[in-house]
Amino acid sequence: MKIIVLTLNSIIFILAITLLTVSFLTASAQTAITVSTDKTSYADGDTINISGKVADQLHVPISVIIMDSSHNPAYITQTSPGTDGTYSAQAVAGGSTWKSAGVYEIDVTYGGPDKTAKTTFEFTLGSTPVQNHTNSTIPAIPEFGPLSVSIFAISITIIVTFAKMRPTFKI
């Protein structure tokens, strides 16, 4: 029967690396942005009220892009979050860049590609349709962009450290 004996230093090292990795992942998950609209459908000439919230103040503007169903930009603007993390913007539906009726998508980006959120709405030509509910807020799902380098470095450090420590095996 083989018994693997880990020294106290090995156990402490493993726990420390685990806690550091979890804290990095938690910090990354808190950099979300949300976006929503006041209605689910707009007609030519309607005002679209866009709002949301950011988790952290990065002191950079929020990019807001409205795209048609073919992913052609119909409206582009920037706004900044308030001290409470909320932001808002307005757009008027219609005009030369709004070429067809259909589902339009609002993409917001705050500080990088890992801090984005999206929502959709229906754009119709003609009179305003009747509204009875609002869009739901869709939170961003953070990606590990810059964090992946830290995780990779920690992983390599663990491998090298254990290779040098040569764990003790007793029979």
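The values are calculated or read from the model by the stated rules, or taken from the named source; none is laboratory data. If you're wondering where the values come from, they're calculated on a predicted model, not measured in any experiment. Positions of Cβ are backbone-derived with ideal geometry, glycine not excepted, and every protein chain shown enters the neighbour counts.
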Answer residue from region 60-86, given it is surrounded by 17 or more Cβ atoms within 10 Å (Cβ to Cβ) and farther than 26 Å from Leu125 by Cα and is farthest from the chain's Cα centre (by Cα) among those: Thr79
Can you pull out the residues in region 42-59 that are surrounded by fewer than 16 Cβ atoms within 10 Å (Cβ to Cβ) and outside any loop (DSSP other than H, G, I, E, B)? Thr47, Asn49
Report yes if some residue within region 75-97 is out of contact with any Cys (no Cβ under 8 Å at 6 or more places or on another chain), outside the structural domain of Ile154 (by TED's automatic domain parsing), part of a loop (DSSP other than H, G, I, E, B) and in contact (Cβ under 8 Å) with a residue 40 or more places away in the chain; otherwise report no. yes
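Among the residues that make up region 100-108, is at least one of them over 18 Å from Thr120 (Cβ atoms) and within 21 Å of the chain's Cα centre (by Cα)?
For region 100-108, residues over 18 Å from Thr120 (Cβ atoms) and within 21 Å of the chain's Cα centre (by Cα): absent.
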Residue list for region 98-127, filter: without any contact (Cβ under 8 Å) to a residue 40 or more places away in the chain and basic (Lys, Arg): Lys99
Report the residue count in region 76-107 for those that are under 17 Å from Thr40 (Cα atoms) and either out of contact with any Phe, Trp or Tyr (no Cβ under 7 Å at 6 or more places or on another chain) or of a type in the set (S, T, N, Q) (or both). 10
Can you name every residue in region 82-141 that is at pLDDT below 80 and closer than 25 Å to Ile33 by Cα? His133, Thr134, Asn135, Ser136, Thr137, Ile138, Pro139, Ala140, Ile141
